[in-house]
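The values are calculated or read from the model by the stated rules, or taken from the named source; none is laboratory data. It should be emphasised that the depicted structure is a prediction, and the values quoted were computed from it without experimental measurement. Cβ atoms come from the backbone with ideal geometry, glycine included; neighbour counts cover every protein chain shown. Quick note on the areas: whole protein, heavy atoms, side chains included, nothing else; ligands and nucleic acids left out. Shrake-Rupley method; radii C 1.70, N 1.55, O 1.52, S 1.80 Å.
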Amino acid sequence: MGAAHTVGAFVAHTGTDVYGPGKVIGVDGEHRRVRFVYFVATIRAADLRAASDDETAQVSSWLRQKQERYGGHW
């Protein structure tokens, strides 16, 4: 687990792909706040894994599009 679950890390859920891949935006003990492609959720760190290269590219592209469209920090 370790550094793979710190703020800014790209992650995916270990049990389902329904969330899509995401990026950790907050840490609270055993839980991580993750901006998934489809929504934001608080997930136990044990239920996350590091995102694959393809998943990281998907999230990066999605975040870049949102920033270009709406500005701000995504």
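Per-structure values
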| quantity | calculated |
| --- | --- |
| Residue in the range 25-46 that is free of Cβ contacts under 8 Å to residues at least 40 places away in the same chain, hydroxyl-bearing (Ser, Thr, Tyr) and in contact with a Lys or Arg (Cβ under 7 Å, 6 or more places away or on another chain) present | yes |
| Filtered residues of the range 1-30 (kept if not in a loop (DSSP other than H, G, I, E, B) and not aliphatic (A, V, I, L, M)) | 2, 5, 10, 13, 22, 23, 26, 28 |
| Odd one out for residue 14 among (1) at pLDDT below 95; (2) surrounded by 12 or more Cβ atoms within 10 Å (Cβ to Cβ) | (2) |
| Residue 33 being open to solvent by 80 Å² or more (accessible area, probe 1.4 Å) and in a strand (DSSP E or B) | yes |
| So residue 19, is it among the hydroxyl-bearing types (Ser, Thr, Tyr), open to solvent by 30 Å² or more (accessible area, probe 1.4 Å) and in contact with a Phe, Trp or Tyr (Cβ under 7 Å, 6 or more places away or on another chain) | yes |
| Residues that are in a helix (DSSP H, G or I) and open to solvent by 50 Å² or more (accessible area, probe 1.4 Å), drawn from the range 48-61 | 53, 54, 57, 58 |
